[in-house]
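Here's the structure, in C-alpha cells; my notes come after.
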Amino acid sequence: MKKLVLDLDETLLYSTTESISPECVKLSAQGSDFYTMLRPGVRDFLQNVAKKFECTIWSTGQQAYLEAVWEYIGVPGFTLWGRGFCKKIETTDGSEPYEKPLRQITDDLSQIVLVDNTPSLFAKCPLNGILTRTWRGDMNDTELRHLAVYLDWLNAQPSMQRNHENWRIETLCLRNCQ
Ligand SMILES: [Mg+2]
C-alpha cells in the first residue's frame, strides 16, 4: 500500500484561540482551550484515503493538540505525528523552522507523497510534495474534493514521484475524461 502524509493546520482544518465562525468547535489540550473548524469535506476525504493509503497525519503542532483535534474528527486509521517527529532546522528569515523528513516513514520515496500548505517543506523532496491552498475558514472551498480525485489517479501510477505543481489542472482533465 502506498503512503500518504497529510499536514494538519490550514490543510485539513483551521485552529484559533478565539471563535471566528459558527463552524468553530471549542476543544482543549493540556488545559488550554482553542477553536477548530474543519475544511469542507474533510471527513469524507479522510475516510476515502484511509481505505487506499497507509496514512500519517504529520503536524508541526504539539502532539497533545493533534490528538485532541483527531479525537474530535473521529476518523480512525491514521498514525498521528506531532512536532516531536519533525526535524528542527535553523532559519534566519522567519520561515518554517521544521522539516518533515519522509525517509522517517520509508526509504522508497516513489511510494509516498506529502500534502501540505507550506511549500518549504518540499525543499528536500520536490517530487513528493503536493501543495494545497492555505485554508482559513472559507466554507466554499473545494480543494479536498479535487485532491481526492488526484490522489486516486496518483495511487494507480507505479511511482508517485513527479512534478505535482499543476495537480489542480490535471485533476480537471481527469474529471473531464471520466
Ligand atoms: Mg499547515
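Computed from the coordinates by the stated procedures, all read-outs in this text should not be read as laboratory data. What you see is a predicted model, and the numbers here were worked out from it, not measured in a lab. Please note: Cβ atoms are built from the backbone with ideal geometry, for glycine as well, and neighbour counts cover all protein chains shown.
For the chain, how many pairs of lysine residues have a Cα-Cα distance under 18 Å, where the two are 8 or more positions apart or belong to different chains?
Count of close lysine pairs: 12.
Work out the FRET efficiency for residue 176 and residue 152 from their Cβ-Cβ distance, taking R0 = 22 Å, and round it to the nearest 0.05. Let's see the in-between values first.
Details: r = 15 Å, r/R0 = 0.68.
After rounding, the FRET efficiency stands at 0.90.
Only bridges with both residues in the chain count here: give the DSSP antiparallel percent, nearest 5. Don't jump to the answer; show the numbers that get you there.
Numbers: 11 of 27 bridges.
Within the chain, antiparallel bridges account for around 40 percent of the total.
If I model a spin label at residue 72 and residue 142 as a point 7 Å from the Cα along the Cα→Cβ vector, what separation in nanometres do I get?
2.7
Gap in Å between the Cα centre of the range 119-178 and the Cα centre of the range 33-93?
18
What's the extension gain from residue 89 to residue 47 if we count 0.36 nm per residue and subtract their Cα-Cα distance?
Details: separation 42, 0.36 × 42 = 15.12 nm, distance 3.31 nm.
Contour length minus Cα-Cα distance gives 11.8 nm.
Taking θ as phi - 60°, what are the ³J(HN,Hα) couplings along the range 92-100 by the Karplus curve (6.51, -1.76, 1.60), each to the nearest whole Hz, with x for Gly and Pro?
10, 10, x, 7, 3, x, 10, 10, 10
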